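A short reminder: the numbers here are calculations on the coordinates, not readings from a lab. Everything numeric in this text was worked out from a predicted model, so none of it was measured. Neighbour counts run over all protein chains shown; Cβ positions are idealised from the backbone, glycine included.
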Amino acid sequence: MSRRIGYARVSSEDQNLQIQKEALERDKCGIVFEEKRSGTKRGGREQLDLALKVLNRGDTLVVLRLDRLGRSLRDLANIAHEIDVVGAHLRVIEQSVDTATSAGRAFFGMLAVFAQFETDVRRDRQAEGIAKAKKAGVYTGGKARIDRRRVTELLAKGQGPAAVARALGVSRMSVYRIAHESERCGP
């Protein structure tokens, strides 16, 4: 007996899975795996791993949109291969993909290429925007996570690296690195 297994994903904790879950339930998914993790990388996506592990021959993994499954061509190809190896299929509701058919497999391949393209374009636009903002003097980078001046002050007052790390809420390794850089470069 074949099953429909749903997978719903959003990128962050403050996003809502409800629309995806409802669509997967309407598509008659008996099980829905839910995840709040970035889709740019496969690592750490435990619910996706579980969904793939429970697939059997004839089952169908269902997602609302392809970008919920992955954003890189390599990850999407690897996931499709894992699904295919067990004799299961992939269904993408909004993009009308069903890898049970040859046309569906071809369409999946094209969409995977476009998903990778979209990720690359987004990364390029972000880099261009940062470069433009830097040139205009608007962007100075992210906030420093460690107050280097405070680290060197506390060390100079005789506090040990562990005490400095605890006081500032940073790792001992960071304190050691700053101390080493200060020794090399001078105060």
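Name the residue, out of 25, 153, 34, whose mean-square fluctuation peaks in a Gaussian network model built on the chain with Cα pairs under 10 Å.
153
Report the calculated FRET efficiency for residue 180 and residue 136 (r = Cβ-Cβ distance, R0 = 30 Å), to the nearest 0.05.
With a Förster radius of 30 Å, E is 0.30.
Pop the C-beta distance of residue 122 and residue 54 into the FRET formula with R0 = 45 Å and round what comes out to the nearest 0.05.
So the FRET efficiency works out to roughly 0.90.
Under a GNM of the chain (C-alpha, springs under 10 Å), which listed residue has the highest mean-square fluctuation: 37, 123, 166?
Of 37, 123, 166, the Gaussian network model singles out 166 as fluctuating most.
So which of 21/134; 21/41; 28/53; 21/132; 36/132 end up more than 30 Å apart, counting from Cα to Cα?
21/134; 21/132; 36/132, as the Cα separations exceed 30 Å there.
Where does the chain land at 222 nm, in deg cm²/dmol rounded to the nearest 500, when only DSSP H runs of n ≥ 4 count, each adding -39500 (n - 2.57), divided by all residues?
-17000 deg cm²/dmol
Considering only DSSP states other than H, G, I, E and B, which trypsin sites (Lys or Arg not before Pro) in the range 127-165 qualify as loop sites with at most 10 other Cβ atoms within 10 Å?
Those satisfying the criteria are 143, 145, 157.
Counting only DSSP beta bridges with both residues in the range 4-119, tell me the antiparallel percent, nearest 5.
Antiparallel bridges: around 15 percent, rounded to the nearest 5.
In whole angstrom, how far apart do the alpha carbon centroids of the range 65-94 and the range 17-36 sit?
16 Å
Restricting to Cα pairs below 8 Å that are 6+ residues apart, what does the relative contact order work out to for the chain? Please round to a whole percent.
Here the relative contact order equals 15 percent.
In the chain, which helices (entire DSSP H runs) extend 30 Å or more along their own long axis, judged by Cα positions, while averaging at least -1.0 on the Kyte-Doolittle scale?
For the chain, where a helix must reach 30 Å along its axis and average at least -1.0, the hits are 102-135.
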